[in-house]
1. Filtering segment 168-190 down to residues that are of a type in the set (S, T, N, Q) and out of contact with any His (no Cβ under 7 Å at 6 or more places or on another chain), which residue is nearest to Gly205 (Cα to Cα)?
2. Can you pull out the residues in segment 99-109 that are assigned to a loop (DSSP other than H, G, I, E, B) and either among the polar types (S, T, N, Q) or modelled with pLDDT of 90 or more (or both)?
3. Out of everything in segment 110-163 that is small (Gly, Ala, Ser) and in a loop (DSSP other than H, G, I, E, B), what residue ends up being modelled with the highest pLDDT?
4. Among the numbered criteria (1) more than 14 Å from the chain's Cα centre (by Cα); (2) in a strand (DSSP E or B); (3) not small (Gly, Ala, Ser), which one does Phe84 miss?
5. What are the residues in segment 47-62 that are free of Cβ contacts under 8 Å to residues at least 12 places away in the same chain, surrounded by 12 or more Cβ atoms within 10 Å (Cβ to Cβ) and over 16 Å from Pro154 (Cα atoms), if any?
6. Which of the following residues is within 16 Å of Cys93 (Cα to Cα), surrounded by 16 or more Cβ atoms within 10 Å (Cβ to Cβ) and not β-branched (Val, Ile, Thr): Ala27, Ala21?
7. Does Val72 fit the bill of being in contact with a Cys (Cβ under 7 Å, 6 or more places away or on another chain), modelled with pLDDT of 95 or more and not in a strand (DSSP E or B)?
Amino acid sequence: MSTARDPFSIFIGFDSTQEEAYWVCRASMIQHGCDPNVIHPIVQDDLRARGLYWRNSNEKASTEFTNTRFLVPYLAGYTGRSLFCDVDFLWRCNPMELFLTDQGSYDVHVVKHDLKEKDLQPVKMNGLPQSWYPKKNWSSLMLFNNSRCRALTPEVVSSQTMDYLHQFKWTFDIKIGDLPYDYNSLVGYSAYNHHNPRAVHFTDGGPWLEGYENVAFAEEWRSVQRASEQSMYQQF
C-alpha cells in the first residue's frame, strides 16, 4: 500500500477475512468511472510493518480496519481531501462526485444516521454481537479535509480509545458536515434505506457471508462480482 498525496484520494478498509468484498467494492467504484489510481486499501498488516500502527491486536474490534481508518489524513500527507468507506459498500455512482461537496470550515463530512439501540439487530456479520453507541455508522463513510485533521497521528490512532476515535472527539460536532443519506444507505434498516441509493452499505452482513446471500441488492453485488472476477485477486 502506497501513501496517497494526490488532491483527491479514496481509501477502502481491507479485512483479510472479507477480501472478496474489497475487490467488489473497488470494482463498483471503477465501474462508475472512478480512476483506479486514486483508490487505496487500508491494510493493517502493512501499517504495522511500517511502524504506523501498534494497537493491541487482541483489542475488541469487528474488522481489521476498525481503527486504522482514522489514519487516512496521515496517509494522504495531510493534504487534499480523502474519502474513506467500509469494505461492505457497493457503489452505484462514481464516489468522486462527493469531492464536489463544499468542505467549508468542516474537518470531516459524514452521513449522520440517528440509529437507536432498539433499531439494531442482535448480531451482525459472522455472528458478532451488535453494539450500539452514539454516532453509530458515522465513521463508515468519511470525507476528510486532511489539513484540518492533523490531530489524527499514528500515535493518537494507536493509543487513544475507540470511543475517542469513533465519537469524533478529535474534532467538534460543529466541525462535522453532512453528507446525503443516499451515500450510506443501510441495508435492513428501513429508516435509513434509501429507495434508490448512490451507495449501498451492507452494515450487518453482505452476500459474501453465509446467511446474507439474499439481502437487498445482493444480486446487484454478485453482478459486479462476476464482471470483475478476473481482477479481484491482482496484487495491490
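1. If we take residues in segment 168-190 being of a type in the set (S, T, N, Q) and out of contact with any His (no Cβ under 7 Å at 6 or more places or on another chain), then Ser190 is nearest to Gly205 (Cα to Cα).
2. Thr101, Gln103, Ser105, Tyr106, Asp107 - these are the residues of segment 99-109 that are assigned to a loop (DSSP other than H, G, I, E, B) and either among the polar types (S, T, N, Q) or modelled with pLDDT of 90 or more (or both).
3. Ala151
4. Only one criterion in (1) more than 14 Å from the chain's Cα centre (by Cα); (2) in a strand (DSSP E or B); (3) not small (Gly, Ala, Ser) is unmet by Phe84, namely (1).
5. Hits for segment 47-62: nothing passes.
6. Ala27 is the lone residue from the list that is within 16 Å of Cys93 (Cα to Cα), surrounded by 16 or more Cβ atoms within 10 Å (Cβ to Cβ) and not β-branched (Val, Ile, Thr).
7. When the stated conditions are applied, Val72 does not pass them.
Let's see how each residue does on (1) touching a residue at least 24 places away in the same chain (Cβ under 8 Å); (2) under 19 Å from Val200 (Cα atoms); (3) surrounded by fewer than 22 Cβ atoms within 10 Å (Cβ to Cβ):
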{"position": "Glu64", "(1), (2), (3)": "yes, no, yes"}
{"position": "Gly77", "(1), (2), (3)": "yes, no, yes"}
{"position": "Val87", "(1), (2), (3)": "yes, yes, no"}
{"position": "Cys93", "(1), (2), (3)": "yes, yes, yes"}
{"position": "Met96", "(1), (2), (3)": "yes, yes, yes"}
{"position": "Asp102", "(1), (2), (3)": "no, no, yes"}
{"position": "Ser105", "(1), (2), (3)": "yes, no, yes"}
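The values are calculated or read from the model by the stated rules, or taken from the named source; none is laboratory data. Note that the structure is predicted; figures quoted are calculated from it, not measured. Because the Cβ atoms are built from the backbone with ideal geometry, glycine has one as well, and the counts that use them run over all protein chains shown.
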